[in-house]
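Q: My questions all concern the structure below.
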Amino acid sequence: MSPQGAEHVDAAVARALDEVVVRRSRRRVRTVTAFREDGRTVVAIPARFTRTQEREWVVRMVTKLVAQERRRRPSDEKLAARAQTLSERYLDGRARPTSVAWVSNQGRRWGSCTPADGTIRISTRVQGMPTWVLDYVLLHELTHLLHAGHGPEFWAALGAYPRTERARGFLEGVAHATDAPAPDEDDEDDVGPRTEDAGGGSRGVEAATPVTSTTDADA
Ligand SMILES: [Zn+2]
């Protein structure tokens, strides 16, 4: 579709608008929702919308969705700063990584670390997940700088983070939704399952974090 009337559409928004799928629903009365599904952007609107309303709302909701995704994608610099904050808060500052970076070549691992040189890598698949899940993945790798394996000491240290169990459940759910095998607790340095197949992406996560607006409130 062509986003008429939107003069300052940025590149990410323009890309999403290019492949947007509009779904009209008779059951939908007052809300508009935008989400990612199978690599596409879907905007669900009430069936009663006119074409003009459709155009307005698609641009508005896709812009919101892209803004939300940006907020949830901190840069490497922010990631390193977050890691330092988490180390201080939950590990008495004892975990001091030399670098913390986003990487896209992790396969199905959520994160990995190399204790020998103090580097931590976090999968870009974690981008877009709730902050408390990212915090868990960071803390998991930070804790590996102190404890190599997944022994009782490792989990005792990580237990200081109150959302550990909840985050592990979240990640297992995502892994299940993307057809990965269950996480192998014996892996030395990774969070979550490890398989050869990097396909599937994070569509389950994307689909789980839509943005929704009530049309009556701000139309
Ligand atoms: Zn681990």
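The values are calculated or read from the model by the stated rules, or taken from the named source; none is laboratory data. Given the structure is predicted, the values throughout are model-derived calculations rather than measurements. Cβ atoms come from the backbone with ideal geometry, glycine included; neighbour counts cover every protein chain shown.
Q: Within the bounds of region 184-204, is there any residue that is at pLDDT 95 or above and farther than 24 Å from Leu65 by Cβ? I'd like the intermediate steps shown before the answer.
A: Taking region 184-204 first, the residues at pLDDT 95 or above are none.
No - not one qualifying residue is present in region 184-204.
Q: Would you list the helices (runs of 4 or more DSSP H) that sit entirely within region 99-182 and hold 1 or more residues that are more than 19 Å from Glu77 (Cα to Cα) and of a type in the set (Val, Ile, Thr)?
A: On the way: elements: 131-144, 152-158, 164-177.
Result: 131-144, 164-177.
Q: Also, quick follow-up: Restricting to region 101-149, what's the tally of residues that are in contact with a Leu (Cβ under 6 Å, 6 or more places away or on another chain) and small (Gly, Ala, Ser)?
A: So the count comes out to 0.
Q: Only one of Phe49, Phe35 is outside the structural domain of Ala160 (by TED's automatic domain parsing), more than 22 Å from Trp155 (Cβ to Cβ), of a type in the set (Phe, Trp, Tyr) and part of a strand (DSSP E or B). Can you tell me which? Give the derivation first.
A: On the way: Phe49 fails: part of a strand (DSSP E or B).
Exactly one residue qualifies, and that residue is Phe35.
Q: Also, quick follow-up: Under 6 Å by Cβ, and 6 or more places apart or on different chains, what pairs join a residue from region 130-150 that is assigned by TED's automatic domain parsing to the domain that holds Leu86 and closer than 15 Å to Tyr90 by Cα with one that is near the ligand (Cβ under 8 Å from one of its atoms) and of a type in the set (D, E, K, R)?
A: The qualifying pairs are His144/Asp189.
Q: Between a first residue in region 8-31 that is without any contact (Cβ under 8 Å) to a residue 40 or more places away in the chain and a second residue that is part of a helix (DSSP H, G or I), which pairs have beta carbons less than 8 Å apart while being 6 or more apart in sequence or on different chains?
A: So the pair list comes out as Val22/Glu54; Val22/Val58.
Q: Any idea how many residues of region 26-52 are surrounded by fewer than 13 Cβ atoms within 10 Å (Cβ to Cβ) and modelled with pLDDT of 85 or more?
A: Result for region 26-52: 8.
Q: While we're looking at this one, here's another question. Let me confirm something: among Ala83, Ala95, Ala67, which residue is at pLDDT below 95 and either of a type in the set (Gly, Ala, Ser) or part of a strand (DSSP E or B) (or both)?
A: Details: Ala83 fails: at pLDDT below 95; Ala95 fails: at pLDDT below 95.
Matching residue, one of Ala83, Ala95, Ala67: Ala67.
Q: Can we say Arg82 is surrounded by fewer than 20 Cβ atoms within 10 Å (Cβ to Cβ) and outside the structural domain of Pro115 (by TED's automatic domain parsing)?
A: Details: surrounded by fewer than 20 Cβ atoms within 10 Å (Cβ to Cβ): yes; outside the structural domain of Pro115 (by TED's automatic domain parsing): no.
Answer is no for this residue.
Q: If you don't mind, another one. Among the residues of region 124-154, count how many are within 13 Å of the ligand (Cβ to nearest atom) and under 10 Å from the mean Cα position of the chain (by Cα).
A: Quick first cut of region 124-154, residues within 13 Å of the ligand (Cβ to nearest atom) only: 136-151, 153-154.
Then keep just the ones that are under 10 Å from the mean Cα position of the chain (by Cα); that gives none.
Final tally of qualifying residues: 0.
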